[in-house]
Structures are given as C-alpha cells and as structure tokens.
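Enquirer: One structure is given below, represented as structure tokens, and several questions about it will come after.
The values are calculated or read from the model by the stated rules, or taken from the named source; none is laboratory data. Quantities reported herein were computed from a predicted structural model and do not represent experimental measurements. So basically every Cβ, Gly included, is an ideal-geometry build from the backbone, and we count neighbours across all protein chains shown.
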Amino acid sequence: MEKIIIAIDGYSSTGKSTVARQLANYLNYIYVDSGAMYRAVALFALQNNFLSKDHFDKDLLLSSLPAIKIEFKKENTMDHANIYLNGKNVEKEIRTMYVSDFVSPIATVSEVRKKLVSIQHQMGIKKGIVMDGRDIGTVVFPDAELKIFMTANTHVRTLRRYNELIEKGQKVSYDEIFKNVQKRDLMDTTRVDSPLLKANDAIEVDNSETNREDQFHIILQLAKDRIAKRI
Ligand code: DC
C-alpha cells in the first residue's frame, strides 16, 4: 500500500507525541519526535554553558553546531526509538523541566532550525513517517498528505504534563508547569522563523475532552481515509 507523510503539529502538551507514536506503530511507519531534537540542542547548550538563566551565547552555539550529532536509535529493550546526542542516550534528560525552561529560545535560532529541518527531510525521503512538532505541516513537509493540528485548553494541558512528570518521579508544581506551558505557547507562536501556526490544509483536532483512545481512533480513521484516497 502507498506510504504517506503524516504531519502532526500543535501546542505543547496536547498529546501529539502519544498519538503520533500510536499511529506509527499501527501503520508500521517511522515515528519522529522533532521536539526532542530541539530539546537535545538545548541540552547541549546548557551542558556547555552557552545558555543559562540570564545568558545565551548564540555565537558559541553557532560555531559548535557542526559538532552536534543527533540520531534516533531503537534497541530491542526499547518500546520506541530514543534520541542520542553525540552518541549518548539523552531521552530522559531532555524531558526534565530544566530543559523545558530553556528550549524555546533555542528554537528561535534560524541556523538551528535549518540544521534540524535538513535532518528531518532526510528521514522523510521514503515516506511512511509520522512526525510531530510545530512546523512540520508548514515548513518541513508542506506537501504532507495528512496534516493534523492539535489543540486543547491550557489547564487540561498543564494537568497532563504535571501528571506525566509526577509519574516519572520529578518534583514539580502545577503553577510552574502552567507558567512554562503559557511561556512556550507565546514563544512558539510569536517567533519570527517558522512560528507555530495551522497550515491551511491541516485538520484541527481539539482534544480537551477526548481521551487517548478516542483521539487515536479519530486520527487513525483520517489516516486510513487519506491512504485509501477517500478524503
Ligand atoms: O514538542 P516539545 O514540547 O517537546 O518541543 C520542545 C520545544 O521545541 C517547543 O517549545 C518548541 C520547539 N519545537 C519547534 O520549534 N519546532 C518543532 N518542530 C518542534 C519543537
């Protein structure tokens, strides 16, 4: 059967990654979490002290860009591919609040975006891919056969992220996550290069009141219809 490209964009903590991963597993497609790539660059900048609370040395980051190697690898013990930064598995580290607080400024840097978009293009060359992010349907794959734009209200998203981090044993407060979600929404939608916006041909899915299962079935049906060219 013909393979397509599925682009899933939307605000942070709308469950993009969950549904993208479910879809990829079901369709036997590759799943790529593009946000993980921006998080890995932010982690690199933090580890090398290019970035801190009141300082961001963009020039140093730019001169180090060629030395940043980002890969996704899946080993038998993993249920999904993990992200590697210069050979080290950083899947867990990139999900901490520490990285979440610093990733948006990194995502505004055009040179960083250019490098990551080029890796993302390579991964989509053979199609059969589900990629989630902010600019996948608008910039990375403007010709994707199926584009989904996910939204949900801010309190629902905060609660989801809060429960997820508490489950992972991280010490976080609801208020701190609420502020982080609001701050990232603002930065993601107002940045000059590739801001988060719904592509004209994207289908909007608001999941404030839909559970994971129902949402998966709604989007899977859209994918099946698009693959069979019914829509
Ligand atoms: O999806 P996420 O929350 O893990 O993404 C982390 C950050 O990376 C997010 O604040 C915006 C940025 N991002 C981006 O600018 N473009 C993408 N395609 C994916 C993520």
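Enquirer: Considering only the range 99-110, I want to know if a residue exists there that is over 16 Å from the mean Cα position of the chain (by Cα), outside any loop (DSSP other than H, G, I, E, B) and at pLDDT 95 or above.
Expert: Within the range 99-110 (the criterion being over 16 Å from the mean Cα position of the chain (by Cα), outside any loop (DSSP other than H, G, I, E, B) and at pLDDT 95 or above), the answer is yes, since at least one residue qualifies.
Enquirer: Does the range 214-227 contain at least one residue that is farther than 30 Å from Ser110 by Cβ, among the basic types (Lys, Arg) and surrounded by fewer than 12 Cβ atoms within 10 Å (Cβ to Cβ)?
Expert: no
Enquirer: Filter the range 28-41 down to the residues that are more than 8 Å from the ligand (Cβ to nearest atom) and either within 17 Å of the chain's Cα centre (by Cα) or buried (at least 24 other Cβ atoms within 10 Å of the Cβ) (or both) and list them by number.
Expert: Of everything in the range 28-41, those that are more than 8 Å from the ligand (Cβ to nearest atom) and either within 17 Å of the chain's Cα centre (by Cα) or buried (at least 24 other Cβ atoms within 10 Å of the Cβ) (or both) turn out to be Tyr29, Ile30, Tyr31, Val32, Ala40, Val41.
Enquirer: While we're looking at this one, here's another question. Just name the residue that is surrounded by the most Cβ atoms within 10 Å (Cβ to Cβ) out of those in the range 165-175 that are touching a residue at least 12 places away in the same chain (Cβ under 8 Å) and in a helix (DSSP H, G or I).
Expert: Leu165
Enquirer: Let me ask you something else. Between residues in the range 134-147 that are closer than 13 Å to Asn200 by Cα and residues that are aromatic (Phe, Trp, Tyr) and assigned to a loop (DSSP other than H, G, I, E, B), which pairs lie under 9 Å by C-beta distance while being six or more apart or on different chains?
Expert: Filtered contacts from the range 134-147: Lys147/Phe141.
Enquirer: Would you mention how many residues in the range 121-151 are farther than 24 Å from Gln221 by Cβ and part of a loop (DSSP other than H, G, I, E, B)?
Expert: 4
Enquirer: Note down all Cβ pairs under 9 Å where the first residue falls in the range 199-221 and is under 13 Å from Thr151 (Cβ atoms), the second is part of a helix (DSSP H, G or I) and among the charged types (D, E, K, R), and they're at least six residues apart or on different chains.
Expert: Short answer, once both residue conditions are applied: Asn207/Asp214; Ser208/Arg157.
Enquirer: Oh, and also: Answer yes or no as to whether Asn86 is away from the ligand (no atom under 15 Å from the Cβ) and either under 14 Å from the mean Cα position of the chain (by Cα) or exposed (fewer than 14 other Cβ atoms within 10 Å of the Cβ) (or both).
Expert: So Asn86 passes the test.
Enquirer: Among Ile119, Ile106, which is within 13 Å of the ligand (Cβ to nearest atom), among the hydrophobic types (A, V, I, L, M, F, W, C) and surrounded by fewer than 21 Cβ atoms within 10 Å (Cβ to Cβ)?
Expert: Exactly one residue qualifies, and that residue is Ile119.
Enquirer: Does Arg134 satisfy being in contact with a strand residue (DSSP E or B) (Cβ under 7 Å, 6 or more places away or on another chain) and within 14 Å of the ligand (Cβ to nearest atom)?
Expert: yes
Enquirer: On to the next question. Determine which member of the set Thr18, Thr14 is surrounded by fewer than 18 Cβ atoms within 10 Å (Cβ to Cβ) and either within 19 Å of Ile125 (Cα to Cα) or among the β-branched types (Val, Ile, Thr) (or both).
Expert: Answer to the selection: Thr18.
Residues checked against (1) out of contact with any Lys or Arg (no Cβ under 8 Å at 6 or more places or on another chain); (2) surrounded by fewer than 17 Cβ atoms within 10 Å (Cβ to Cβ):
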| residue | (1), (2) |
| --- | --- |
| Ile177 | no, no |
| Arg184 | yes, no |
| Ser194 | no, no |
| Ala202 | no, no |
| Asp206 | yes, yes |
| Thr210 | yes, yes |
| Lys229 | yes, yes |
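Enquirer: Tell me yes or no: at least one residue of the range 152-164 is surrounded by 15 or more Cβ atoms within 10 Å (Cβ to Cβ), in a helix (DSSP H, G or I), small (Gly, Ala, Ser) and modelled with pLDDT of 95 or more.
Expert: Checked against the condition, which is being surrounded by 15 or more Cβ atoms within 10 Å (Cβ to Cβ), in a helix (DSSP H, G or I), small (Gly, Ala, Ser) and modelled with pLDDT of 95 or more, the range 152-164 yields no hits at all.
Enquirer: What are the residues in the range 71-81 that are surrounded by fewer than 18 Cβ atoms within 10 Å (Cβ to Cβ) and within 16 Å of the ligand (Cβ to nearest atom), if any?
Expert: His80
Enquirer: Scan (1) away from the ligand (no atom under 14 Å from the Cβ); (2) within 21 Å of Leu159 (Cβ to Cβ) for the single condition Gly15 breaks and write down its number.
Expert: (1)
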